[in-house]
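Report on the structure given below.
The values are calculated or read from the model by the stated rules, or taken from the named source; none is laboratory data. Keep in mind the model is a prediction, meaning the values are calculated, not measured. Note that each Cβ is placed from the backbone with ideal geometry, even for glycine, and that neighbours are counted across all protein chains shown.
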Amino acid sequence: MLTARDTLIDSIREPNKVWDFIVVGGGATGLGVALDAASRGYQTLLLEQADFAKGTSSRSTKLVHGGVRYLAQGDIGLVREALRERGLLLRNAPHLVKNVAFIIPCYSWWDKVLYSLGLAVYDLLAGRLSFGKTRRISKKETIERLPGIDPKGLRGGVIYHDGQFDDSRLAINLAQTCQEQGATVLNYFKVIGLKKSGARISGVTAEDIETGTSYQLRGNAIINATGVFVDDLLQMDSPGKKRLVKPSQGVHVVLDQSFLPTHDALMIPKTDDGRVLFAVPWHDKLVVGTTDTPLKQHSLEPVARESEIDFILKTAARYLTKVPEHKDVLSVFAGLRPLAAPQDESSKTKEISRSHKIIFSESGLITITGGKWTTYRKMAEDTVDRAIEIAGRKPLPCKTKTLPIHGHTRTSDWDDHLYVYGSDREKVLGLVKENKELGERLHPAYDYLQAEVAWAVRNEMARTVEDVLARRVRLLFLDADAAIEAAPLTAKLMANELGNDTAWEKEQVAAFTKLAQSYLLHS
């Protein structure tokens, strides 16, 4: 459970409190760092300017994977690390991570040989943590397993195994686990300044976005884990510093599963832009993506470009018998990748691998950037190992390799949408026993319960309608029109929980409706 916000804020009011680590950023990386530090026994505070996983960490392709394209690029070390972490995540969060069969349709005999050999290496690198063995399959089996695939010229397929998960649900569970390990985690708390003693960073100034109240917070080490926003903190530390990150945008479209009615996923190994394209069943829908578009600017709410949407639909149309059109898109979402901008050679830059970098500023600011969801735990371990030196703390061993994540349970019915709650599922249903009205649906076309809104506010730190409909339940990402329709009831339920008035409800519905427009395709 996440402790009530007021109680958490009380814990940071002590003026003489010095945290071992203050982590800035509440996405996959920041939550991973906070959990690693807290579980070792360090006094840890995490501050997130918006909601947990508001940015890139809720906008992934929903895969826990080694990265087939990195294997094609020859980055064996990165793939081996990611496959190992994939296996650990399945063990530590079995309620959210599941094994999925991915099928590559092959339209030449050479492709069938090439991909099966390459993926055999993928299996080998996974070792004991393998999800299943790669094998070639016939044309008949390919069509049976991928109903809707274009059979013209098809020679068969290659099947391999990887992981799938719900990204923002994992983020919420990580925040809960952080608290269980003794950390204080706060969303809607923005770092607006850095405190220094001489040339060294000694803390941060943070503002509670909801009240406007600012707090002076002291820490032995400050960790910048803000993803595409890392340069904002680096500029606070050293104005005029060369930018570290150049963002790249990845877009996904969501379709009805009738376009590919199967539990297996489709992987297209080579697109016109040199990427791979996935069509993955997720929460009874089909997520198709992604793109790779360099951007000059970044934002908390990136918007898909028409050209990116067209690219995805046209590429998918080459492989599917039921051709997706703009009118078929239920939702479209964009996420930003923090790619490294060109840097001068510096001994202060520690390159752990091509997947992530840890940078130490002269002031003592620690910045972690790069990486992906699958390797969040290893990124955190590397960061805390190095941060211990900066903070002058006694080294304590990492515990996250075998640490169960909140909700951990080994029995999941993947057809029951409540599976995402894991061991909390019965507690969510317990709210219905207390109040039968909470057993009613949030939207007539979806199984989400009104109880889930109450649960999100009471136990998952949801503060806005967007928090609930985008990241606690995933309706905005699955069907933007339905999410807009569910917003008034969601706002009413939240207002009841938070003690807010009808004016707040109206503001929330208006703000959410405006935001949701960017998830819709307007014809």
| query | So which of Ala495, Ala470 is touching an Asp or Glu at 6+ places or on another chain (Cβ under 6 Å) and either among the aromatic types (Phe, Trp, Tyr) or assigned to a helix (DSSP H, G or I) (or both)? | reply | Ala495
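Listed here are the residues, each with its yes/no results for (1) crowded, with 23+ Cβ neighbours inside 10 Å; (2) free of Cβ contacts under 8 Å to residues at least 40 places away in the same chain; (3) in contact with a strand residue (DSSP E or B) (Cβ under 6 Å, 6 or more places away or on another chain).
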residue: Asp424; (1), (2), (3): no, yes, no
residue: Gly430; (1), (2), (3): no, yes, no
residue: Glu437; (1), (2), (3): no, yes, no
residue: Arg441; (1), (2), (3): no, yes, no
residue: Pro444; (1), (2), (3): no, yes, no
residue: Trp455; (1), (2), (3): yes, yes, no
residue: Asn459; (1), (2), (3): no, no, no
| Given the structure, is Gly74 surrounded by fewer than 18 Cβ atoms within 10 Å (Cβ to Cβ), over 30 Å from Leu403 (Cα atoms) and touching a residue at least 40 places away in the same chain (Cβ under 8 Å)? | no
| request: Return a yes/no flag: does segment 485-493 have any residue that is in contact with a helix residue (DSSP H, G or I) (Cβ under 8 Å, 6 or more places away or on another chain), touching a residue at least 24 places away in the same chain (Cβ under 8 Å) and β-branched (Val, Ile, Thr). | output: yes
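Sort out which residues of segment 178-214 are among the β-branched types (Val, Ile, Thr) and either in contact with a strand residue (DSSP E or B) (Cβ under 9 Å, 6 or more places away or on another chain) or crowded, with 16+ Cβ neighbours inside 10 Å (or both), and write them in order of number. Before you say what the answer is, go through the steps one by one.
Quick first cut of segment 178-214, residues among the β-branched types (Val, Ile, Thr) only: 184-185, 191-192, 201, 204-205, 209, 211, 213.
Within segment 178-214, Thr184, Val185, Val191, Ile192, Ile201, Val204, Thr205, Ile209, Thr213 meet the criteria.
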| query | When segment 320-359 is examined, which residues are found to be modelled with pLDDT under 95 and either in a loop (DSSP other than H, G, I, E, B) or among the acidic types (Asp, Glu) (or both)? | reply | Ala341, Pro342, Gln343, Asp344, Glu345, Ser346, Ser347, Lys348, Glu351, Arg354, Ser355
| So, in segment 387-410, of the ones that are exposed (fewer than 10 other Cβ atoms within 10 Å of the Cβ) and closer than 24 Å to Gln164 by Cα, which residue ends up modelled with the lowest pLDDT? | Arg410
| query | Which number in (1) outside the structural domain of Ile149 (by TED's automatic domain parsing); (2) surrounded by fewer than 24 Cβ atoms within 10 Å (Cβ to Cβ); (3) under 20 Å from Phe131 (Cα atoms); (4) not β-branched (Val, Ile, Thr) marks the one condition that Asn99 misses? | reply | (1)
